[in-house]
Structure formats: C-alpha cells, structure tokens
Amino acid sequence: MDRIPQELALDILSRLPIPSLVQSKSVCQDWRTLTHDQLLVNKHFKQMVENDPSFILQIMGYSIQNQLYFGDLSSNRNDGNVTMIAKKLTIPPLLNFHLVSSCNGLLLLRATHPSFELCIYNPFTRDYIELPKLSHHDGVRGFGFDPTTKKYKVVEISYKRTTPFTFSHRVVRFGMRRSHQTETSSSSLIESEVHILTVGSPTWRNLGCFPFRFMWQKSQVLVNRKLHWRTTTNLIMSFDLATEQFKEVPRPDVITSNSDRRFHELVILRGCLSAVSFDGNNQELEIWVMKEYAVKDSWVKQFNIGAYVPKIFQSNYQCHSSSNSRFYLPKNCIQVLCLLRNGGILLQYGNKAIVFYDSHCRTFQDIQVTFEGISSCFTAVAHVASLNSTDTFVDA
C-alpha cells in the first residue's frame, strides 16, 4: 500500500461498492485510515452519481426482518440479462428496526427501543446516532443535508384536527396563500404539524403548522436540496432544508386538483423530479419528468409502460378469469425505482419482484436477486440510495 500514491489509492477505493469498501477497513491500518478520509467519501458518492444508482434492501420476514442488503446491478454482455447481487450489510444492535430513508450513504432507521425511536446509521463506520424522541408517531418523515450549515436534518410531519381560527393563524407562518384548497370537515380542519431536528442538537424544533396532509411514499424524494411530497389534494409540495420553508411545485397541466387523474407517486429519475400516474383507462403507467426544476413548462411525459405480471405472480394471476392484467396487481403494488443509464427502468411489484423495463423495445425482464446467505425467496423492500445533489459529505 505504501508504494501506491494516495491519490491513486483513493480513486481505486472510490469505485468499490459499499460492502467491499467497509470490508477494506480490515485489510490494514493504512486502508482503515483511508476509509475515513473525507476525499474518499466525496469521490465515492461522485461515482454513484455518474453510475446507475445503488439499492438498500430490507428483508421482510419474522425470522430475519432485521437484515439490510446492498444491491448491486450487473448486466450480462452476451444475453443482456440483468441480475442483482445483494450483499449483507452489518447492522446496528437493535431489536427491531425499519429503514425510513437514506442520504449520502447514511441510513435513517425507525427502531423499537425504550430510549429512542429514530437513529442514523453509518454503514461505512458501523456507528449509529440515537435521535431525541418525539411524542408524535403518525405521519411522514424526511432526511437530508443542509449545505448552508453542513448539517443533516430530519423532518417529521404529524397530523391533527384544529379549529378554522387557529388554522388560519398558523398558516401565515409558512407564507402560504389562504386560497389554496385544503381538507375540511364541517367542524374542523386537518393541519400538519412540522418538527425538525438538526442532527447533533438535543431537541426538536416546532416549525408550526400548514394546511395540507401528505401522502406516505416508500422512498423519499430529495431533489435540488429539497424534500418533496404529494398531498391528498394532488399538489406537489417541497421543503427547503436550508430555509425550512414549504413551497408548491408546479404540476403538469394534465394533473389538476379537480381532475380524476392523480399522481401515483413521486420519484427521482437521473436527478430530475418525476411523477407517476396512470392513463385515463388505468391500463398504462405514465412517467412525467420535470426537465428543469420548478419550471412548469418543462414537464414532459417521457414514458408509457404497459401492463405486466411478473413470473412470481403469474400462477396466482392465471387463476383469475379477468382479462385485466391489473386485476391481481393494483396500482399501489407497482413502484418506479429508477432510470438506468441505458434507458431502462427498474420497477418493483408488490415488494416481491424487481423488473427491468426496456423503454426502447417495450419489453420486460424479471431480475434475479440473489441474497447473500439466503437460499429462499423473501419479501424485500427496495430503497434507492439517495444522494443530496451536493459535492459535500460530512459525518453525522
């Protein structure tokens, strides 16, 4: 190792997948020191931006539910088949946990623990930080990096009903226009109470309330250093981690608050904010991409994906007499994961199958996922490893 220039050694290590990078710490003291070098971490995540995204998979099952895997895609040059090798990650010593989101390689975990509920886990160093408890449990969470303060932040949004007077008084704090459509009942309004924690601080800060309820989504959407959610009124709202302000993001004209067309989910495709919906007949999945952030006219319908039933579901599907291929796979079972460099799209079906869609040939291929140390097939939730679109990475 002493004979290799440090710059070259950093470049070599930056091209390793996360599990191999973690294992390299055990080779020698010099390598262990390099794995903690800030330049290596920055170079590693630049490589991730330029290449196809990586995946963190959590196995769902009573016997092995506390397992995380790092999924690495590979393509056979001879037959073009795409496979995924899932290598086991060392996990923190928690009785039970659920992967909430990730940012720059750090994982936000919701844990079952007497003294804390959330923690941030660093698979590079295998350390984790316990976060202060909040009294709220229902709602949505986000996790990202604030480049202005060089600090990580966790956002938690919970819901409650309130009187119209209290509601309108608190909305002003966010600068939201009162003309926005809100969710109402005859006697009360739904408001979202927002708390934020700067990692390293001992307490959460209450930012107040605003008049929307967010839809839960499997993977967080972190674009342009802002977190994004859909609302139940079919709006797209962003939260700026630097200014700690919400703002409405313009939608494509085909989706309005009053139309029957709705967004199924938000997703990031090659760094662009994207939205998934279904056509008027609910037969094709449409993917809209915002080519220039926050510019309404830049929305483009880039993909139309037809119906498909993965092999793992086909035996059940054949038992149904309906000719509608979505009969067995409802909309909420289909998740768009990412857009690959070759133009293919990865889809997840019911947490049981990952499928490669060739957008040029309009064909589907079930991806074989091999889990290290597991011979049987288990249900797994796939999370795209999230980056913060910034060149700066710091330890939590």
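Coordinate-derived values only; no laboratory data. No experiment lies behind these values; they were computed from the predicted model shown. Neighbour counts run over all protein chains shown; Cβ positions are idealised from the backbone, glycine included.
What are the ³J(HN,Hα) values, in whole Hz, obtained from phi via the Karplus relation 6.51 cos²θ - 1.76 cosθ + 1.60 with θ = phi - 60°, for each residue of the range 239-252 in sequence order, with x given for Gly and Pro?
Calculated HN-Hα couplings, in order: 10, 7, 5, 7, 7, 6, 10, 8, 8, 6, 9, x, 9, x Hz.
Starting from the 7 Å offset along Cα-to-Cβ, what nm value, one decimal, do you get for the label separation of GLU372 and GLN283?
4.5 nm
Between LEU94 and ARG15, what FRET efficiency follows from the Cβ-Cβ distance if R0 is 35 Å, with the result rounded to 0.05? Walk me through the numbers before you get to the answer.
Details: r = 31 Å, r/R0 = 0.88.
It comes to 0.70.
Subtract the Cα-Cα distance of ASN224 and ARG32 from 0.36 nm times their separation in residues, and report this length gain in nm to one decimal.
Roughly 65.8 nm would be gained on extension.
Which entries in the list LYS153/LYS218; LYS43/LYS151; LYS43/LYS133; LYS153/LYS352 go over 23 Å, if you measure between the two C-alpha atoms of each?
LYS43/LYS133; LYS153/LYS352
Subtract the Cα-Cα distance of MET215 and LYS160 from 0.36 nm times their separation in residues, and report this length gain in nm to one decimal.
Working: separation 55, 0.36 × 55 = 19.80 nm, distance 1.48 nm.
Extra length from MET215 to LYS160 when fully extended: 18.3 nm.
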